[in-house]
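Inspection log for the structure reproduced underneath, given as structure tokens.
Since every read-out is calculated from the coordinates, none of them should be taken as a lab result. Please read all numbers here as calculations on a predicted model, not as lab measurements.
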């Protein structure tokens with residue numbers, strides 16, 4: 001549904017499932033500001049000496065902008081090597097029952113392959129669309145997740161109310177993993193808190209600094 005086929009989950013096709021499971025991941029969803037949140041988080045962590053991997057979307061000019069290692073977009077040489085490695089692996093696994101993944105799903109899988117192989121200290125992942133069914137949401141447990149400002153977007157997929165949209169975004173919550181959110185409209189905040197309570201997630205609301 002939406003972005004991926006269940007057989008592509010967790011990097012199994014690239015035989016990196018164990019390496020992906022060991023990645024320390026910060027996962028960010030939202031309608032507005034999630035890209036900025038990811039970029040600021042990466043910069044702060046890199047400033048503390050951590051080797052970072054950042055996956056964001058969309059790109060402006062070059063698709064390599066989506067993949068950053070230590071704040072620098074991946075080199076053309078590395079990108080080409082990883083791209084063809086992943087592409088050929090996927091082609092070997094496709095069939096009538098298991099088609100090639102969608103464009104964004106392929107890029108998400110490519111990001112996991114890059115960051116696992118490069119052995120980064122921390123990965124910052126920006127959700128592409130929604131959260132619950134997004135291609136980035138294949139990790140079993142992350143370090144922390146964040147919800148940026150929520151509003152009306154992709155309503156034909158996520159729903160026509162903030163309640164429905166918030167439920168999709170909260171799909172990235174994982175049991176026992178802390179979450180942070182900016183203040184949200186009441187109906188959205190109610191959904192986030194309910195989801196957090198069910199999963200025993202400590203959900204912190206952080207007022208923006210002006």
For helix 103-118, report the angle its Cα long axis makes with the longest principal axis of the Cα atoms of the chain; keep it between 0 and 90° and round to the nearest 10°.
80
Kirkwood Rh for region 100-148 from C-alpha pairs, in Å, is 11.8
The equivalent-ellipsoid semi-axes of region 156-210, taken as the square roots of five times the Cα gyration tensor eigenvalues and listed largest first in whole Å, are 18, 16, 9
Helix-derived mean residue ellipticity, 222 nm - over the chain, DSSP H n ≥ 4, -39500 (n - 2.57), to 500:
-11500 deg cm²/dmol
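Hey, could you get me the Stokes-Einstein D for the chain, Kirkwood radius over alpha-carbon pairs, 10 °C and 1.306 mPa s, rounded to whole µm² s⁻¹? List each step's numbers first, then the result.
On the way: Rh = 17.5 Å.
Taking Rh from Cα pairs, D becomes 91 µm²/s.
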Helix axis angle, 76-93 relative to the chain longest principal axis, alpha carbon, degrees:
90
Restricted to region 11-205, the DSSP antiparallel beta bridge percent, nearest 5, is 25
Cα axis of helix 186-198 to longest principal axis of the chain: angle in degrees, 0 to 90, nearest 10?
70
Unit-weight point scatterers at every alpha-carbon of region 38-132, Debye formula, q = 0.18 1/Å: log10 I(q)/I(0) is -0.84
Gained length - residue 207 relative to residue 60, 0.36 nm times residue gap less alpha-carbon distance:
49.9 nm
